[in-house]
1. If amide hydrogens are placed 1.01 Å from N in the peptide plane, which non-local residues have theirs closer than 5 Å to the one on A:Lys284?
2. Which of the lysines could a cross-linker span from A:Lys205 if the Cα-Cα distance has to be under 16 Å and same-chain partners fewer than 8 positions apart are dropped?
3. Calculate one ³J(HN,Hα) per residue across region A:71-86 by plugging θ = phi - 60° into the Karplus curve 6.51 cos²θ - 1.76 cosθ + 1.60, and present them in order as whole Hz with x for glycine and proline.
4. In peptide B:125-137, how many Cβ atoms from other protein chains are near each Cβ within 10 Å, on average?
5. About its Cα centre, how strong a charge dipole does the protein assembly as shown have in debye, to the nearest 20, once Lys and Arg get +1 and Asp and Glu get -1 at the Cβ?
6. Which value, in Å² and to the nearest 10, is the accessible area of A:Lys126 when all protein chains are kept and the probe is 1.4 Å?
7. Report, in listed order, any pair from A:Lys195/B:Lys143; B:Lys69/B:Lys141; B:Lys59/B:Lys100; B:Lys59/B:Lys110 with a Cα-Cα distance greater than 32 Å.
8. For region B:8-168, what is the charge dipole size about the Cα centre, in debye to the nearest 20, if Lys and Arg each add +1 at the Cβ and Asp and Glu each add -1 at the Cβ?
Amino acid sequence: MAGDEMASPSPPVAALTNDLIAEIFLRLPTPEDLVRASAACVSFRRLVTTDRSFLRRFRSLHAPPFVGFLDHRGFHPALPPHPSAPAARAVADAADFALSFLPSPAGSWMVRDVRGGRVLVDRDPKVETGGSEKPLVFTEIDVCDPLRRRFLLLPPIPNDLAASVDRPVRVHLDRWCEPFLASHIEEEEDDTSFKVIWMAQCKAKIIAFVFNSSTGQWLTGASPSTTDLFNGAGLSPPPPSSSSPSPVFSSPGRVFSSRRYACGCFYWGILRTMLLVLDTRLMKFSIAEPPPVCLGGPTAIVEAGEGMTGIFAPG
Amino acid sequence: MATGSGAAAAAADAEEKESGSRMITLTSNEGKAFVVTEASARQSATIRSMVDDGGCVDKGFPLPNVDSKTLARVIQYCDEHGNKEAHTVDERAALAKFDKDFIAELDADKAFLYDVTMAANYLHIQGLFALTTQCIADTIKGKTPEEIRTAFGIEYDLTAQDEEEIKEEDTHA
């Protein structure tokens, strides 16, 4: 590598090792640049198409652009002057957000969660025979991709698991359960697999089941008693059968609301004073107390970079 | 920087101050010696850890992977970042201007840019490594595969199967 005074106009980049090329590629601004670079030569191509740890690093540094929100009322694309507005319009044209590719009847499915390009929808399993009696605890769950018009109908939760669900509370419109997509687990090699967590808030405990698309099975996730959760956080548990229960448990509906996600954990607010935390890597629930400045008002849980979680509270 | 408290922090500060005034000799693979301040040498995490591990500061550090021309340029960067303060807005702006001019000059000589990149990697000089790798990435940005080959002096070596796969990917995109 001695300095060559007779440098040609395009000296070969081959002097750089694959590790260095990887570092350079990580600094490319867009995935399109990476795709074009990968078509330049064999060594670039091998790096981009076969080095999974490189691809994971590239993806974690290049988050997909925000194109819009999808909820039970449909798709709400990003509008000008948002930089993603043209992409959002293209996505809206290309994808089927009416979900007409799902099993009929049309409009029977409700969007419950969206993550990583996948949409989780559910419906009354007896929709074709007049509908179930309320409460609707065990729904028919489907994970779909509106862009590719593909879907996977999840099997029902097995009876032995379902038997442990005792009088759950209503959590959303006419739903007494909360199914959601777990984030993609970084260490996993297979990008096409996903996990669904099914959760219900029962009188004395929280119940969570986990569906893994690579095994096609539902398994028990966690079912901590609410008393244990509060004890574990050093908080006094509510009296079990008091006529004047603590404010937390006098609430007639759900206790844990507004699910949010950051850095491998889901968070639910508890009357804006505490947070229920689900660490998806350990499938473990816990209770956290946010800093006093975050109490009372609306907050957002954010990824603060370098694996740290932050709370954003407008002051 | 030091997060310790009281006497320990004060001692560490004093030591840093004292060590900052020491001079360190770096020797290129051609045997040419470069004398630099410790503050400048500490821009390199590799040298920093050797100094902190009680390496023989007096004898200097031979750098068998770096030639004289490259080392001189690397030291130019380290001097600027190690010997100058970057506390005020003006000081930081001056440093940013230095980086801009420094990399613009390197970018004009790609073979030399690669040499400096490899030296920055070998010596673990984070700021310099970020600067040079970003500069090379900017060269790739927005270019077609053919333009990238030209810019980097790469031979076309894709197999028929590669071409087939690339075509396949294009139709999916």
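1. A:Asp279
2. Result set, ordered by chain and number: A:Lys284.
3. 9, 5, 9, x, 9, 10, x, 4, 10, x, x, 4, x, 8, 4, x
4. Values: counts 0, 0, 0, 0, 2, 2, 0, 3, 9, 5, 2, 9, 9.
Across the residues of B:125-137, the mean count of other-chain Cβ atoms within 10 Å is 3.
5. On the way: 48 positive and 66 negative charges, 445 e Å.
Value, rounded to 20: 2140 debye.
6. 110 Å²
7. The pairs that break the limit, which is 32 Å between Cα atoms, are A:Lys195/B:Lys143; B:Lys59/B:Lys100; B:Lys59/B:Lys110.
8. Numbers: 17 positive and 31 negative charges, 117 e Å.
About 560 debye.
The values are calculated or read from the model by the stated rules, or taken from the named source; none is laboratory data. It should be emphasised that the depicted structure is a prediction, and the values quoted were computed from it without experimental measurement. As a convention, Cβ positions derive from the backbone with ideal geometry for all residues, glycine included, and neighbour counts pool all protein chains shown. SASA here: full protein model, heavy atoms, side chains in, ligands and nucleic acids out. Shrake-Rupley method; radii C 1.70, N 1.55, O 1.52, S 1.80 Å.
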